[in-house]
Each structure stands twice: as structure tokens, then as C-alpha cells.
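Novice: Below: one structure in C-alpha cells.
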Amino acid sequence: MSLEIALTNVSFNFLKGSQEFLNLILNNINSAVLLLNNKMELVSFNDALITIFPKNKDKDLKFVRCGEAIGCAYQVEEQTDCGTTTKCRHCELRLSAISTYLNNTSTLRKEIIRPFYIDDKNKVDMRIQYTTKLFAYEGEKYIVLLVESCSGKD
């Protein structure tokens, strides 16, 4: 790849026909990349999701609601659907995603501390940083949710 291509902000154009390479990139970054539909269900995600939120590592997460997929402690403890717990109406992550979908507003690098289950019995408070962005593809709107673990940061 020439330096000239990289400097013109089109450095990934040569990968247009390489879905395999783009998937390798997505699955080798440290940020969880979640693609959500209007019901806050996972349409697609990368491997980092399971690294950051390991509770459901052995389950099929396609079309599972976001809070259920990431082990939201409120959803687990109340044993109800994501979006219907007593905390959902105040959940910054959920409100940001909904606002992104409805109003095409982005959230950039917002940090929160929330309890998550890392397996069926162990709950931890995790500090995460997230970004939301609207993504349109083939006439459908999706929410791109990028999540990074902030553990170890001061």
C-alpha cells in the first residue's frame, strides 16, 4: 500500500471486495462493536463482545436484546426482558442508543459504571466507555454501539 493512498483517507478502498479481511480486523480490535436494530437487539457483533462481557460466551446472541447479551445485572436480577426492568428508563446506555436511532444523535466516549454479571453467579461493577452512531444500510437503520472496558484506567 502506498503512503499516498493512506494519506487521502481512502486507505480501506482496496478492501471493498475482501469481507474476510474486514471481519479479521473487526474481530481483532479491543472494542466491542455491536450492531443493534430498533428493538435494541443484536444484529451483529465482533469477538470483543465476549471478551468484555463473558456471561453469555456459549450462547447464540443474534437478536438477543442488548442488556441480556452483555449481562446487565438489573435484567438478570429482575429476571425480565431488557427494556422492561425498573432501571431501564434511566439506563444511559439504552437512552443513548434510542436517541441515536430516533434523532440521529451520536454519543461520543461516554463513561459509565454499571454492574454486570460475568457468569451466572459473579457480578462486578465495570467502568465502560461507549459511543453510539446511526448506521443506515439497504434502507434499514441500525445503531452502532462501540464499547471499551475502562478497567485499569485512572
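Novice: Among the numbered criteria (1) more than 21 Å from LYS55 (Cα to Cα); (2) modelled with pLDDT of 95 or more; (3) surrounded by fewer than 19 Cβ atoms within 10 Å (Cβ to Cβ), which one does SER96 miss?
Specialist: Status for SER96: all satisfied but (3).
Novice: Identify the residue in region 34-86 that is of a type in the set (D, E, K, R) and touching a helix residue (DSSP H, G or I) at 6+ places or on another chain (Cβ under 7 Å) and, among all such residues, is farthest from LEU134 (Cα to Cα).
Specialist: Taking the candidates together, the pick is LYS57.
Here is a yes/no grid of residues against (1) closer than 21 Å to GLU138 by Cα; (2) polar (S, T, N, Q); (3) open to solvent by less than 20 Å² (accessible area, probe 1.4 Å); (4) modelled with pLDDT under 95:
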position: ALA6; (1), (2), (3), (4): no, no, no, yes
position: VAL10; (1), (2), (3), (4): no, no, no, yes
position: ASN23; (1), (2), (3), (4): yes, yes, no, yes
position: ASN27; (1), (2), (3), (4): no, yes, no, yes
position: ALA32; (1), (2), (3), (4): no, no, yes, no
position: LEU49; (1), (2), (3), (4): no, no, yes, no
position: ASP58; (1), (2), (3), (4): no, no, no, yes
position: ASN104; (1), (2), (3), (4): yes, yes, no, no
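Novice: If the requirement is being surrounded by fewer than 20 Cβ atoms within 10 Å (Cβ to Cβ) and either of a type in the set (A, V, I, L, M, F, W, C) or touching a residue at least 60 places away in the same chain (Cβ under 8 Å) (or both), which of these qualifies: CYS72, CYS150?
Specialist: On inspection, the qualifying residue turns out to be CYS150.
Novice: Given the condition out of contact with any helix residue (DSSP H, G or I) (no Cβ under 8 Å at 6 or more places or on another chain) and over 29 Å from ASN23 (Cβ atoms), answer yes or no: does some residue in region 145-154 qualify?
Specialist: Within region 145-154, one or more residues are out of contact with any helix residue (DSSP H, G or I) (no Cβ under 8 Å at 6 or more places or on another chain) and over 29 Å from ASN23 (Cβ atoms).
The values are calculated or read from the model by the stated rules, or taken from the named source; none is laboratory data. None of these values were measured; they are calculated from a predicted model. Backbone-built Cβ (ideal geometry, glycine too); neighbour counts: all protein chains shown. Just so you know, the surface numbers come from the protein's heavy atoms only, side chains and all, with ligands and any DNA or RNA stripped out. Shrake-Rupley method; radii C 1.70, N 1.55, O 1.52, S 1.80 Å.
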